[in-house]
1. Specify which residue in the list 209, 160, 83 is farthest towards the positive end of the charge dipole of the chain, using unit charges on the beta carbon of Lys, Arg (+1) and Asp, Glu (-1), about the Cα centre.
2. Quick one: which of 122-132, 67-77 comes out on top by average Cβ neighbours within 10 Å, and what's the full order, highest first?
3. Give the dimensionless ratio obtained when the Cα radius of gyration of the stretch 1-74 is divided by 2.2 N^0.38 Å.
4. Only four residue types carry charge here, +1 at the Cβ of Lys and Arg and -1 at the Cβ of Asp and Glu. Report the dipole size of the stretch 97-149 about the Cα centre in Debye, rounded to the nearest 20.
5. Over the stretch 155-205, what number does the Rg to Rh ratio reach, with both radii from the alpha-carbon atoms and Rh per Kirkwood?
6. If you take the charge dipole of the stretch 82-139 about its Cα centre, with +1 on Lys and Arg Cβ and -1 on Asp and Glu Cβ, which of 94, 110, 139 is farthest toward its positive end?
7. What percentage of the solvent-accessible surface of the stretch 8-128, computed with a 1.4 Å probe over protein heavy atoms, is contributed by carbon and sulfur atoms?
8. Place a +1 charge on the Cβ of each Lys and Arg in the stretch 73-129 and a -1 charge on the Cβ of each Asp and Glu, then give the dipole magnitude about the Cα centre in debye, rounded to the nearest 20.
Amino acid sequence: MSLPVLVIGNKNYSSWSLRPWLLLRHFGVAFEEVRLLLDTPAFAADVRRHSPTGKVPALHDGDVRVWDSLAICEYANERWLDGRGWPADRAARALARAAAAEMHAGFVALRTQLPMNSRRTPDAYRWDAAAQADIDRVQALWRQLRAAHGEHGEFLCGEFGIVDAMYAPVAIRFDGYGAAVDDTARRYMQALFALPAMQEWRQAAAAETESVAATEALRMPYPDRPV
């Protein structure tokens, strides 16, 4: 029987690809990885063979085609995880789903002004008030989930799950741009970064030689931007 295929972008830049990749790898689901290089002629030529939206990630499991990070995570949860991707407790599950959906649909300023770049280190670059509001909201969510349902582990609802996969790229952003974070966020980010699957992704990202010019440009400081 052939393995499922997960089509992703550059590991250094593709936040949406990280989410299902991390979930599958953490739970030991075997899959074949196909990496397409973002913002290249080859990407434009190849991506629609894998995804009807022209975006990554996409999952192929036999005749089943699933695109969109959260949809792939939900499919994996049913197909291979026996429901372990969400908390067993109904209240915790509801809150985790709401937080995951908020990440999936929102935080536009954060995603735009602090794009994913796993190799990035903090410098003088600054973001505006809208992005800072997103940063503050993310941390409020993390505090809420940890306080309500995090007593049995280091992650948002105790054990690692889909909601953590959805916020893993945010932790990389906070780390790479030097966002000020509270103690809850700091401990949570440390737990994410300690995951073997997360370490594998970041090591592979560091070894990539390709760059996306628009994202790499944000390595340059913009001290005149409002905080």
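The values are calculated or read from the model by the stated rules, or taken from the named source; none is laboratory data. The shown structure was predicted, so the numbers you read here are calculated from the model rather than taken from an experiment. Cβ: placed from backbone, ideal geometry, glycine included. Neighbour counts: every protein chain shown. In case anyone asks, the SASA skips ligands and DNA or RNA and just uses the protein heavy atoms, side chains included. Shrake-Rupley method; radii C 1.70, N 1.55, O 1.52, S 1.80 Å.
1. My answer, from the dipole projection, is 209.
2. Peptide ranking by packing, descending: 67-77, 122-132.
3. Against the compact-globule rule of thumb, the ratio is 1.01.
4. 200
5. 0.94
6. 94
7. Reported share for carbon and sulfur atoms: 52 percent.
8. Dipole of the stretch 73-129, to the nearest 20 debye: 100 debye.
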